[in-house]
Every structure is written in C-alpha cells, then in structure tokens.
Amino acid sequence: MTVPDIAWGLGRFYMGLPTRAVTRPRTFGLDRVPKTGGVVYAINHMHWIDVPLIGVVSPRNIDFVAKAEAVNLPGVGQFLRWHGTIAVRRGESDRDAVRRMRESARAGHVVGLFVEGTRNEAGRPGPAQPGAAMVAIQEDVPVIPVAIYGTQFWKVGDWSQCSVAFGEPLRFEGLPKGGKGYKEATVEIERRINVLFDWLAGLHAHGRPKTATPPV
C-alpha cells in the first residue's frame, strides 16, 4: 500500500465525514467512472470546498493538480503531497507538471484537473484550459466531465446543498497530439461540463430528487 493510499483511506474519514455533513452532497452518474485504469476528471471550480467534496464523493482516489504555491507551503504542502497532489506553476509552461500528470494517468490513476485553472467566481463554469485534453490525448485515457453545483452559494455557517454530476467518459483517439487536437477536445469538455452544470441547476430547482441520470 502506497503513502497516497493510506492518506486517502484516512482522509475519507477525518475530512470526508465533516465534508458530507456540511455540503449534504448528492452524486449522480457515479457508475460512469471506470473502476480501474487511467482517467482524467475535468471539473469546474467555484469554491475551496470543491476539493474535499470531489474527494469524498469520488469512488477512486485522485491525484489532484494544484497550484505550486499551495504544494510548496510548509506543512500544508507535505499534506498535499501525501495525497498524490501534482504541483503546477500557473501562467507558464510547466513541463515537469505535464510529465507527472501523464505519468499518473499512465500508471492507472485518476488525474483531477479543475479545468478553469483557478477558482471561478462568476457563478457558473468558465472557459476550460487544455490540460485535461492534453493528458487524455497523449496517454490515450478517457476524460470524465464533472460538474459541481451549489458550492457557488456555500458559506461557513450557511451550508447550501451541493451536488456533483459525472458525465460519460470521452475518448479522443482520432484527434492529433498537438494544439489543434487539444483545442478541439477542450471545446467538447467545456460544453459537456456546462450541460451537466445546467442539468444540476434544474435538478436543484425541482427539489434535487435522489434518483436521476445525468445527460450524456
């Protein structure tokens, strides 16, 4: 058993239980997540609570991609690294981060990417960056679009209900390994996230029924 396996196993209790209590999550489309093999989660991001929320509802451990400033912080950085977190320098080409993301996917792990590149405070998903598409195309692994809804309203002491929808896995075997292919795949990933997000918004408006199937 690896250090990340141990860290995730413990974290699902001491972080997972409080996260469930304060977000009251409902999750849709979990059956779409492959049980094994490399996968990329392409996730929208509106609040810091998104990270533990996705972590607790995901059926598999995640190698999250996070800004280098957080991963390099004393104490906090080591905690993140124990969980398999991959540091990336924002706003510049970071070949080492790309290499580690590809290695993670190649090793059969789930790579977790918040595709906007940072938290988006606009209240809905923003433009996606090409990282998820690049890893998926380079390593020939599927991308699962993941939409989070409700965290844009969530505050400490005013705990809004939050929901997560997992889309159908996307494969991009026919696209070229380069900027053109990454751009085309990213457009589709962004579209799918928005479709899932709007579906969740409608679900919340109708009382958030427990049994519903996300659109493909």
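Values for this structure:
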{"read-out": "Identity of the residue in segment 20-51, outside any loop (DSSP other than H, G, I, E, B) and closer than 16 Å to Asp63 by Cα, that ends up most open to solvent (accessible area, probe 1.4 Å)", "value": "Val51"}
{"read-out": "Top-ranked residue in segment 105-123 [being at pLDDT 95 or above and of a type in the set (Gly, Ala, Ser); ranked as surrounded by the most Cβ atoms within 10 Å (Cβ to Cβ)]", "value": "Gly112"}
{"read-out": "First in segment 181-206 and at pLDDT 95 or above, second anywhere and in a helix (DSSP H, G or I) and open to solvent by 30 Å² or more (accessible area, probe 1.4 Å), Cβ under 8 Å, 6 or more apart", "value": "Tyr182/Met134"}
{"read-out": "Where Arg99 falls short, out of the listed (1) open to solvent by less than 20 Å² (accessible area, probe 1.4 Å); (2) under 28 Å from Ile6 (Cβ atoms)", "value": "(1)"}
{"read-out": "Out of Val76, Val71, Val88, sole residue that is of a type in the set (Val, Ile, Thr), at pLDDT below 90 and in contact with a Ser or Thr (Cβ under 7 Å, 6 or more places away or on another chain)", "value": "Val71"}
{"read-out": "So Glu168, is it part of a loop (DSSP other than H, G, I, E, B), at pLDDT 95 or above and of a type in the set (D, E, K, R)", "value": "yes"}
{"read-out": "Some residue of segment 143-162 being in contact with a strand residue (DSSP E or B) (Cβ under 6 Å, 6 or more places away or on another chain), in a strand (DSSP E or B) and at pLDDT below 95", "value": "no"}
{"read-out": "Residue within segment 157-172 that is more than 22 Å from Phe197 (Cβ to Cβ), without any contact (Cβ under 8 Å) to a residue 24 or more places away in the chain and surrounded by fewer than 24 Cβ atoms within 10 Å (Cβ to Cβ) present", "value": "yes"}
{"read-out": "Matching residues, segment 124-139, being surrounded by fewer than 23 Cβ atoms within 10 Å (Cβ to Cβ), in contact (Cβ under 8 Å) with a residue 60 or more places away in the chain and more than 17 Å from Thr36 (Cα to Cα)", "value": "Arg124, Gly126, Pro127"}
{"read-out": "Among residues of segment 173-193, those that are surrounded by fewer than 17 Cβ atoms within 10 Å (Cβ to Cβ) and closer than 21 Å to Glu121 by Cα, counted", "value": "2"}
{"read-out": "Filter result for the condition that a residue is out of contact with any Asp or Glu (no Cβ under 7 Å at 6 or more places or on another chain) and within 25 Å of Ala21 (Cα to Cα), over Ala185, Ala212", "value": "Ala212"}
{"read-out": "Flag for Ala133 being among the hydrophobic types (A, V, I, L, M, F, W, C), closer than 21 Å to Asn44 by Cβ and not in a loop (DSSP other than H, G, I, E, B)", "value": "yes"}
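The values are calculated or read from the model by the stated rules, or taken from the named source; none is laboratory data. The structure presented is a predicted model; accordingly, all values stated were derived computationally and were not measured. Virtual Cβ from ideal backbone geometry, glycine too; neighbours counted across all protein chains shown. When the accessible area is computed, the model is the full protein with side chains, heavy atoms only, and any ligands, DNA or RNA have been set aside. Shrake-Rupley method; radii C 1.70, N 1.55, O 1.52, S 1.80 Å.
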